[in-house]
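Taking it in order: structure first as structure tokens, then the write-up.
Derivation of every value follows stated rules applied to the coordinates shown; laboratory data play no part. Everything numeric in this text was worked out from a predicted model, so none of it was measured. No Cβ is skipped: glycine too gets one built from the backbone with ideal geometry, and neighbour counts run over all protein chains shown.
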Amino acid sequence: METDAIKVVAALIRDAAGRVLLVRKRGTMAFMQPGGKRDPGEDDIAALARELAEELGCCLVRDTIEPLGEFDAVAANEPGRRVHACLYEVDVSGEFMPNREIDAMIWVDPAMPSDLHLAPLTRDHILPLACRRRPAKQP
């Protein structure tokens with residue numbers, strides 16, 4: 001991992017159909033996982049819970065947290081930088097109420113994200129991982 005990489009936590013959130021939630025932040029073009037940078041003194045889970053509440057108005061369901069690994073990619077919104085993400089698959093509770101930082105949210109089939117502009121981390125690591133880890137079909 002580069003020492004000057006942007007360090008973030010990110011959430012892989014699925015709906016009942018197995019689709020993955022992506023968000024696009026205000027003033028940007030790329031869709032990506034919800035999440036963000038840790039505040040000083042925060043661990044991954046505290047940062048993820050805070051980011052989900054701030055960005056989407058939902059609550060992290062703590063007994064569903066599954067670490068999926070650490071991934072590195074070109075940063076989507078900061079030219080010349082890389083991002084290093086700790087990824088967790090999680091469930092959330094509550095209504096999604098995107099705040100002013102989030103311009104758009106969309107549910108996508110990880111195997112067919114259509115022609116969306118995706119962050120490199122999402123395109124190259126997270127959606128392929130989500131395809132390999134597809135949940136069992138709902139009855």
Inset, instruction - Using only Cα atoms, locate the centre of region 1-42 and the centre of region 76-139, then give the distance between them in Å, rounded to an integer. - result: 7 Å
Inset, instruction - Work out the length of the dipole vector of region 1-89 about its Cα centre, built from +1 on the beta-carbon of each Lys and Arg and -1 on the beta-carbon of each Asp and Glu, and round it to the nearest 20 debye. - result: 400 debye
Legend entry - Structure-based [θ]222 nm, the chain - -39500 (n - 2.57) summed over DSSP H runs of at least 4, per residue, nearest 500: -4000 deg cm²/dmol
Inset, instruction - In nm, give the distance between the simple-model label positions of GLU78 and THR64, each being 7 Å from the Cα along the Cα-to-Cβ direction. - result: 2.9 nm
Legend entry - Residue among LEU48, LEU21, LEU116 with the largest mean-square fluctuation in a Gaussian network model of the chain, springs linking Cα atoms under 10 Å: LEU116
Inset, instruction - Run the numbers on region 11-68 and let me know its relative contact order in percent, using alpha-carbon pairs under 8 Å that are six or more apart. - result: 21 percent
Inset, instruction - Within 10 Å, count the other beta carbons around each residue, average over each peptide in 79-85, 117-123, and list them highest first. - result: 117-123, 79-85
Legend entry - Furthest towards positive pole of dipole, PRO40, LEU121, LEU60, structure part the chain, Cβ charges: LEU121
Inset, instruction - Please give the peptides 37-43, 62-68 ranked by average Cβ packing (other Cβ atoms within 10 Å per residue), highest first, as a rough proxy for protection. - result: 62-68, 37-43
Legend entry - Calculated FRET value between ALA16 and ASP43, using beta carbons and R₀ = 22 Å, to 0.05: 0.15
Inset, instruction - For a quick protection proxy, order the peptides 108-114, 53-59 by their average other-Cβ count within 10 Å, most packed first. - result: 53-59, 108-114
Inset, instruction - Indicate, rounded to the nearest 5 percent, the antiparallel portion of the DSSP beta bridges found entirely in region 6-132. - result: 75 percent
